[in-house]
Amino acid sequence: MIHDALLILWDCSNLSKTKEENSVTAYANDGDAEIFARINEISKSHHKIQNFIEATGFRSRKTHAGLKMCGLYSQALSEGFSEVIQTYKKTLMEVEALVIGNHNYTLSFVYSYVEKYRGLFNMLNKIIAAIEQRRLTGCQILSLLHQYILNANERVHEAVIRIFSCINKVFVNQLCTWLLYGELKDPYQEFFILHNQTAEASESFLSSPSSTNCEKTLVSTLQDATLECGYVLNPNMIPYYVPLSLAQEILFIGKTIILFGFDPKKVKKNSSFVASRTLMPLQKCGVDSRSCCFRFTIWEDKEAEFHEKLQKLKNPEVFEVCNLRGVIREIKECVTKHLWTVAVEEAQLIHELRLMKDFYLLGRGELFLELLRLTAPMLDRPTARTSTRDMNHAFQLAARAVFLSNSADIEKFSFELPYVKPNVSTNTSIEEDSSTVSDGWSSIILKYDFKWPLHLLFTPEVLARYNDMFRLLLRIKKTQHDLHALWKTYKQSTSFSMCQLHNKLMFLMDNLQHYMQADVLETNFSRLMDAVYKTNDFEKLKKAHATFLADILSQSFLTVTSSRDSDSSSDAADALNNPVFCNIMELLKLCHSFCGMNNSVADREAEDYYIRGYSDRFNKLVKQLMQLLVSLRDRPCGVYLARLLMRLDYNRWLSGEAQLTQSVTNMLRY
């Protein structure tokens, strides 16, 4: 019976099935049946473990290469199981030698040696059952093993540590190649970073911001737009002990390493980085990856140091989330510093930011004043097929007029006026339908051809926001110019009401223009430059730029939110929901109608009629603007609205016209 028990414990399952009952009934002494049953249970547990090892081991992975169950992590798990049960097999060899040397030993003697493995085998079978029932693969197996590390049984604890160490080696190796070289060694899609080959549209040098989370602030929306190269996070594979923020940092580092693996000179020059272009391997670009020195320019002499720190994480005693986070932060700091060097020093980011201010934010006022003189009639009409060509030609003429035609910076900017074909039905004419088509002021787009790798900073979402600012500033500039041009027409007018309304409108537009340029743009741009000069971290620089853009949008009343309003959403339709912006647009329309009144009025009586209507409309809008201060004073935009109204109501005339009980100055006192 002892030899039968040993054969069963050695996993000779065929023998155990045929002789189990005969052995118990023919040779059992008192109590031997119970002991043999316990030995049989241990052998069954070992048999299940052995079957799992054979099904997921190296040989099985080579035979069934297409099965996800036979991946790298499953193989590492089976190797860990094999290492753990080696002590069990050594124990059986010792028992067998003792039994051969002394035939007086009983089943109790054999059971006393193998009973200590009962708890271990039960734990391993629980792990196997969880993997099979939940169909766990890859990093999910790593998370499962990590949950079983804490165990009161010292033998089980040490065994789980050894198994976890085997799987953790695969994880650390994949992590190391991704962080240091931007390579994903994951043939079975077991890592928490996934190469999404189906999403070809996202594999470009430019990224589109994520709009799935509607609770993001405007700053996070503008900042959270990084390089998309086909690699995304697989949330199902992220180990539970790795925070999502840390996983995002790991993804960012690998993407940045991939970014520096491509030579921008090999990219088609005419498409630049503005158009979406699929990332190509270095070999396809004509660059030998072995001769490429981007690794060394990033890491310098720290590559071996980072590699050693990552390899130390294979040791279970060293592998802690805090240690992993520390290594990741060091690597990210090195990457962002190098990215800052490339962006600021090589791509001349500071110069490019000044160009954004000069063109998108109308810093070169004389250039756009000349451009308005040439293109105002064209922008008043719906766009045509030739509008883009005519606009760019006028832009070159305006640059030549202000002696900027020889500047290389002019070539970086161009205009686009999207053509929308009118939908003319049988019951409407072209003139009637053209009123529904947007004019050039609301559809004009300023394009910018920036240097590599500034596409990480000037994403499509950021450029779209800059264009929103550009269109608003251009309309204010055009309205102010038209009102000042009317001075020659009305300077000898005998109509006091007309001159008074003209002065009111000019006063309003002049102060609005000064508020936008001095209080909003210049102030926030100075803060941005201070932040750029004080940091050498690209991520901090990117956050400072996102904060700058969010602030000028909020202070220009294009959005309801601001960078300091973290609980509000940043939907693209915020400008439509901002009552202050709607009020300002109505005032601009009123000014535009007033400037065109001279062409439509035939006699003095009609002129007085129009002036009364414009005056009533102006007083109504001004009163609405004052009332908005009271309702929005506790919101972020209320602070900036009060700043604007203090310029307009410095002598308390506006508050008197709006019939308010107190002036703006008194409202701002706390």
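All of the numbers you see were taken from the coordinates with simple rules; none came from a lab. Because the structure is predicted, anything quoted here is derived from the model rather than measured. Please note: Cβ atoms are built from the backbone with ideal geometry, for glycine as well, and neighbour counts cover all protein chains shown.
Details
- Across region 141-152, computed HN-Hα scalar couplings (Karplus, 6.51 cos²θ - 1.76 cosθ + 1.60, θ = phi - 60°) run 5, 4, 4, 4, 5, 5, 6, 9, 5, 6, 8, 6 Hz from first to last residue, x flagging Gly and Pro.
- Taking a Cβ cut-off of under 14 Å around SER414, the surrounding Lys, Arg, Asp and Glu residues balance to a net charge of -2, with basic ones at +1 and acidic ones at -1.
- For TYR640, TYR419, the sequence from fewest to most other C-beta atoms within 10 Å is TYR419, TYR640.
- Filter on LYS488/LYS623; LYS48/LYS116; LYS478/LYS620 - keep pairs with C-alpha separation over 21 Å: LYS488/LYS623; LYS478/LYS620
- Cross-link pairs exceeding 19 Å in C-alpha to C-alpha distance, out of LYS332/LYS542; LYS126/LYS185; LYS504/LYS589; LYS332/LYS543, comprise LYS126/LYS185.
- Summing charges over all other residues whose Cβ lies under 11 Å from the Cβ of GLU115, with Lys and Arg as +1 and Asp and Glu as -1, gives +2.
- For region 34-44, backbone phi angles converted through the Karplus equation (6.51, -1.76, 1.60; θ = phi - 60°) give residue-by-residue couplings of 5, 5, 5, 5, 5, 4, 5, 5, 5, 5, 5 Hz, Gly and Pro being listed as x.
- ASN196 long-range amide H proximity, modeled H, under 5 Å: TYR231, VAL232
- Couplings 3J(HN,Hα) of region 165-177, computed from phi: 4, 5, 6, 5, 4, 5, 4, 5, 4, 5, 5, 5, 5 Hz, in residue order, whole Hz [Karplus 6.51 cos²θ - 1.76 cosθ + 1.60, θ = phi - 60°; x for Gly and Pro].
- For GLY363, the residues 5 or more places off, or on other chains, whose built amide H falls under 5 Å of its own are ASP358.
- Amide H contacts of LYS447 (H built 1.01 Å from N, under 5 Å, at least 5 apart or other chain): SER414, PHE415, GLU416
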